[in-house]
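None of the figures in this text is laboratory data; all of them are computed from the coordinates on show. No experiment lies behind these values; they were computed from the predicted model shown. Cβ placement follows ideal geometry from the backbone for every residue including glycine, while neighbour counts extend to all protein chains displayed.
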Amino acid sequence: MSTPRLVPLSPTTWAWTHDSTAWGYSNCGLVASDGEALLMDTQFTLGLTRELLAAVAGAVPDATVTTVVNSHQNGDHTWGNELVPGAQVITSEASAAHLCQEMSPAVLSALSSGEPSTAVTAYAVEHFGAFDFGGITVTPPTRTFTGSLDLTVGRTAVRLLDLGAGHSAGDVALHVPEDGVVFTGDALFHGGHMIVWSGSLSSCVTACDTLLATGATTFVPGHGPLADRAHLTAFRDELARILDTATAHARAGTELAEAARLVKKEYAGGKAHPERLFTAVAAAYQEAGVAGVPSTTFELVEGMAQLAGA
Ligand SMILES: [Zn+2]
């Protein structure tokens with residue numbers, strides 16, 4: 001359970017945050033100026049998205065949401081898109097191309113409400129069982145870009161940054177230069193460990209460098225409380241160290257599950273979901289050229305479920 005709230009960052013920019021490190025409670029962004037509004041991401045369920053939209057209507061009653069930006073195609077950032085009819089939905093070309101490989105609401109619903117008879121179903125029931133995925137029609141992007149895309153929302157200039165593959169097959173951040181704010185999507189987590197669905201941990205490090213290069217001072221992560229430059233820098237440096245450690249295990253011929261256990265022991269720290277380190281180690285193994293590394297969503301969830309109990 002979490003109680004999300006709309007946090008003003010400037011007269012025209014807000015963060016919608018759950019301050020939660022639990023799976024699925026993603027943060028969103030709002031930029032509103034001169035009757036126009038842009039939403040960075042929607043929520044995991046229709047109920048959570050309705051809550052978000054009610055808060056937006058309360059904060060900026062005269063503005064119409066004309067643009068939704070999707071930071072990537074995971075359901076916790078996109079499954080409320082249909083509740084903003086008429087808005088253009090923008091994401092990067094790489095992100096849009098990956099939509100067909102995402103787990104559908106029906107599949108996730110079945111997985112998280114079934115008998116917890118395997119490690120995967122038990123993990124899904126524990127972390128996703130509380131969400132109601134009923135009624136969702138996955139609503140794809142209507143506009144894509146590569147590199148960067150400059151837009152204006154009323155009189156406020158914003159820039160979308162194509163971060164490439166890292167957390168997902170295509171990640172997008174939203175920079176609001178006049179406020180020194182970046183909505184990072186899941187290129188940044190605060191309070192929880194990184195998940196690497198894309199098979200490239202080095203790209204996750206590069207994405208952090210791109211975020212830092214904006215010069216912004218406030219970073220709204222995909223999950224968890226708001227972050228500053230010091231947090232983003234520490235997050236980046238830890239990912240780089242994990243990459244080095246996991247690559248050394250790969251070169252030494254350590255079996256993946258054992259390497260993940262060792263990396264978890266070394267890097268779990270106080271952050272939530274240390275089992276996600278399985279995905280970081282698997283990505284490092286993939287980049288090191290190890291054959292047969294798990295790469296599908298299901299296989300990665302299976303690896304996390306096993307590491308959670310290791
Ligand atoms: Zn997310």
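Just the projected area, averaged over all directions, of the convex hull on the alpha carbon atoms of segment 266-310: how many nm²?
The Cα convex hull of segment 266-310, projected and averaged over all directions, gives 3.4 nm².
The Glu178 and Glu266 beta-carbon pair, evaluated with R₀ = 35 Å, returns a calculated FRET efficiency of approximately 0.30. Per residue, the average separation of C-alpha pairs within less than 8 Å and at least 6 apart gives segment 5-308 a relative contact order of 16 percent.
Among Phe183, Phe44, Phe145, the largest mean-square fluctuation in a Gaussian network model of the chain, built with springs joining Cα atoms closer than 10 Å, belongs to Phe145.
Cβ-to-Cβ counts within 10 Å put Arg276, Arg251 in ascending order as Arg251, Arg276, the fewest first.
Each residue, Gln101 and Glu115, gets one label point 7 Å from its Cα in the Cβ direction; the gap between the two is 3.2 nm. Considering only C-alpha atoms, what is the centroid distance from segment 244-277 to segment 32-108, in Å? Cα centroid to Cα centroid, the span is 34 Å. Other residues lying with their Cβ under 14 Å from the Cβ of Ser10 contribute a combined charge of -1, Lys and Arg counting +1, Asp and Glu -1.
Each principal axis of the Cα atoms in segment 5-308 has its own extent, and those three values, largest first, are 59, 43, 33 angstrom. By the count of neighbouring beta-carbon atoms within 10 Å, fewest first, Met103, Met40 end up ordered Met103, Met40. DSSP finds beta bridges in the chain, and of those with both partners inside it, around 65 percent are antiparallel.
Go ahead and estimate [θ] at 222 nm for the chain from helices alone: -39,500 (n - 2.57) per DSSP H run with n ≥ 4, summed, over the residue count, rounded to 500.
-11000 deg cm²/dmol
Counting Cα-Cα pairs of segment 245-291 in 10 Å increments starting at 0 gives whole-percent bin shares of 31, 56, 13, 0. Beta-bridge orientation, segment 1-130: approximately 60 percent antiparallel, per DSSP, counting only bridges with both partners inside. Footprinting exposure proxy ranking of His72, His231, fewest other C-beta atoms within 10 angstrom first, gives His231, His72.
Helices that extend 27 Å or more along their long axis by alpha-carbon positions and average at least 1.6 on the Kyte-Doolittle scale are absent among the DSSP H runs of the chain.
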